[in-house]
1. Would you point out the residue of the range 22-31, among those that are surrounded by 11 or more Cβ atoms within 10 Å (Cβ to Cβ) and of a type outside the set (D, E), that is farthest from L4 (Cα to Cα)?
2. Answer with yes or no whether K34 is of a type in the set (D, E, K, R), without any contact (Cβ under 8 Å) to a residue 24 or more places away in the chain, surrounded by 10 or more Cβ atoms within 10 Å (Cβ to Cβ) and assigned to a helix (DSSP H, G or I).
3. Filter the range 1-20 down to the residues that are assigned to a loop (DSSP other than H, G, I, E, B) and out of contact with any Ser or Thr (no Cβ under 9 Å at 6 or more places or on another chain), then identify the one that is nearest to K36 (Cα to Cα).
4. Looking at this structure, is E39 out of contact with any strand residue (DSSP E or B) (no Cβ under 6 Å at 6 or more places or on another chain), free of Cβ contacts under 8 Å to residues at least 24 places away in the same chain and surrounded by 10 or more Cβ atoms within 10 Å (Cβ to Cβ)?
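Any read-out appearing in this document is the output of simple, stated calculations on the displayed coordinates, not a laboratory observation. This structure is a prediction, so every number in the text was calculated from the model and none was measured. Cβ coordinates were reconstructed from backbone atoms using ideal geometry, including for glycine residues, and neighbour counts include every protein chain displayed.
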Amino acid sequence: MKGLEDTLLSELSKESDIPLVDNVPLIETLNTAKTKSVEIGAALEVAKETNADIEANRESYKETAWRGSILFFSMSGLA
């Protein structure tokens, strides 16, 4: 399956007597590219929010992990 870039470049490189504004396949490819771009932008925003949530959760466990490691090494030192 051809990538969107390849399809767009293919449509732009075709030599025809049809003006670019009347080239229906080119316009459809550009609309598809625009739609994909909007979808990717929205997905990036969701990923940014998810990353912030993960980071906040990770920070909340840091002190517990620190105390757990102290407890572990204290107990292993008793043996």
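1. N23
2. Yes: the conditions hold for K34.
3. G3
4. For E39, the condition - out of contact with any strand residue (DSSP E or B) (no Cβ under 6 Å at 6 or more places or on another chain), free of Cβ contacts under 8 Å to residues at least 24 places away in the same chain and surrounded by 10 or more Cβ atoms within 10 Å (Cβ to Cβ) - is met.
A quick yes/no check of all residues on (1) among the small types (G, A, S); (2) in contact with a Leu (Cβ under 9 Å, 6 or more places away or on another chain); (3) surrounded by 10 or more Cβ atoms within 10 Å (Cβ to Cβ):
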{"site": "G3", "(1), (2), (3)": "yes, no, no"}
{"site": "K14", "(1), (2), (3)": "no, yes, yes"}
{"site": "P19", "(1), (2), (3)": "no, no, no"}
{"site": "N57", "(1), (2), (3)": "no, no, no"}
{"site": "S60", "(1), (2), (3)": "yes, no, no"}
{"site": "G68", "(1), (2), (3)": "yes, no, yes"}
{"site": "L71", "(1), (2), (3)": "no, no, yes"}
{"site": "G77", "(1), (2), (3)": "yes, no, no"}
